[in-house]
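Nothing in this text is a laboratory measurement; each read-out follows from the coordinates by a stated rule. Small disclaimer: the values here were computed from a predicted structure and weren't measured. Methodologically, a virtual Cβ is constructed for each residue, glycine included, from the backbone with ideal geometry; neighbour enumeration extends over all protein chains shown.
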Amino acid sequence: MLIKKVGHVKKPIGIFDSGLGGLTVFKEVRRLLPKEDIVYFGDTARVPYGTKSQETIKRFAGEISSYFKSINVKAVVVACNTVSSLALDEVKKNSKVPVIGVIKPGAIEAAGASKKGKIAVIGTEATVKSKAYETELKKINPYFKVIQKACPLFVPIVEEGWAGKKISFEIAKEYLKDLKKENPETLILGCTHYPMLLKEINSILPDVKIINSAESVAKFLIDELSVEGFLEQKGKGKNYFYVSDAPEKFSKLAFSLLKIKAKKVLIKRF
């Protein structure tokens with residue numbers, strides 16, 4: 001049974017991603033906002049998003065944000081770099097509440113950590129092609145040198161539960177060897193799945209400052225809710241997990257990769 005429309009007393013925060021990756025953002029939001037109810041949706045039937053067209057990504061984002069609107073969420077966190085790069089306006093159009101993407105918070109954090117101004121970005125093909133991070137970074141400082149690399153197999157590796165296995169290290173080595181030659185100061189993980197491959201990334205780029213925007217996104221959310229007067233002041237927050245397919249697999253990987261207990265995962269399809 002799906003969550004029904006929530007009344008005005010306590011409205012949840014909606015977080016969505018193409019699959020498991022957005023749980024890295026969920027974990028930070030839950031840590032910093034323990035009193036809030038959170039609805040998480042992972043589009044596991046249609047993952048990955050990063051290889052799909054902008055038109056398709058916009059359609060998916062529109063469907064999910066419309067669902068969040070129907071259950072009366074008080075804010076939407078787009079915990080997907082691909083959607084944040086290509087379809088954030090679609091989500092905002094469907095939502096009458098604050099919408100937080102992951103690009104701007106990550107870019108601001110990376111800019112603050114980069115004294116030499118040489119920043120690398122890894123992400124899905126769609127995110128890299130969009131140049132969303134480069135655009136945001138150059139708004140902050142037009143002299144930043146931004147090096148980008150698409151790593152399309154990273155998302156399927158995480159979704160298959162192969163993080164930490166030999167194959168994941170081999171693929172990371174192949175993807176990141178050219179970035180290593182560039183010797184960047186800072187590396188933005190331009191996909192919320194990628195923090196689950198941190199061991200692999202650190203093994204290739206041990207001296208690079210890693211930017212995982214999850215905490216920055218959570219702080220942006222707190223600021224937005226504070227301005228609107230929407231921060232919950234009472235009680236303990238509840239978690240609601242939804243996926244579009246394979247709930248048992250989602251639950252298992254949520255715990256094995258991030259120690260998130262998602263015992264009850266329901267299906268929502270469009």
> Using θ = phi - 60° and the Karplus form 6.51 cos²θ - 1.76 cosθ + 1.60, what ³J(HN,Hα) does each residue of the range 92-108 get, whole Hz, x for Gly and Pro?
Replying inline: 4, 4, 8, 10, 9, 10, x, 10, 10, x, 9, 5, 4, x, x, 5, 5
> So what is the diffusion coefficient of the chain in µm² per second by Stokes-Einstein at 4 °C and 1.567 mPa s, using a Kirkwood Rh over Cα pairs?
Replying inline: 70
> In whole Hz, what ³J(HN,Hα) sequence does the range 127-135 give by Karplus (6.51, -1.76, 1.60; θ = phi - 60°), x for Gly and Pro?
Replying inline: 5, 5, 4, 5, 6, 5, 5, 4, 4
>> Neighbour counts of other C-beta atoms within 10 Å: give me Ser114, Ser203 arranged from fewest to most.
In response: Ser203, Ser114
> Amide H to amide H, which residues 5 or more places from Val77 or on other chains are under 5 Å from it, using H placed in the peptide plane?
Replying inline: Gly14, Ile15, Phe16, Ile100
> Projected area of the range 7-62, taken from the Cα convex hull and averaged over every viewing direction, in nm²?
Replying inline: 4.7
> What is the spread of the Cα atoms of the range 80-161 along each of their three principal axes, largest first, in whole Å?
Replying inline: 38, 35, 19
> How big is the range 164-270 by Rg and Dmax over its Cα atoms, in Å?
Replying inline: 18.0, 51
>> Taking θ = phi - 60°, what integer Hz values does the Karplus form 6.51 cos²θ - 1.76 cosθ + 1.60 yield along the range 38-54, in sequence order, with x for Gly and Pro?
In response: 10, 9, 10, 10, x, 7, 5, 6, 10, 5, x, 7, x, 9, 9, 6, 4
> Which residues' amide hydrogens lie under 5 Å from the amide hydrogen of Ile188, considering only partners 5 or more residues apart or on another chain, with H built in the peptide plane?
Replying inline: Ala120, Val121, Ile122, Ile211
> Taking other Cβ within 10 Å of each residue's Cβ, how do Glu174, Glu136, Glu185, Glu248 sort, fewest first?
Replying inline: Glu248, Glu174, Glu185, Glu136
> Using alpha carbon centroids, what distance separates the range 228-252 and the range 204-219, in Å?
Replying inline: 24
>> Give me, ordered by chain and number, the residues 5 or more places off Lys11 or on other chains with an amide H under 5 Å from its own placed amide H.
In response: none
> By how many nm would the segment from Ile140 to Leu231 lengthen if fully extended, with 0.36 nm per residue of separation less the alpha-carbon distance?
Replying inline: 29.8 nm
> Over the Cα atoms of the range 1-137, how large are the radius of gyration and the largest Cα-Cα distance (Dmax), in Å?
Replying inline: 15.3, 52
> How much net charge surrounds Asn183 when only the other residues with a Cβ under 12 Å from the Cβ of Asn183 are counted, with Lys and Arg +1 and Asp and Glu -1?
Replying inline: +1
> Principal axis lengths of the range 103-213 from Cα atoms, whole Å, largest first?
Replying inline: 39, 25, 19
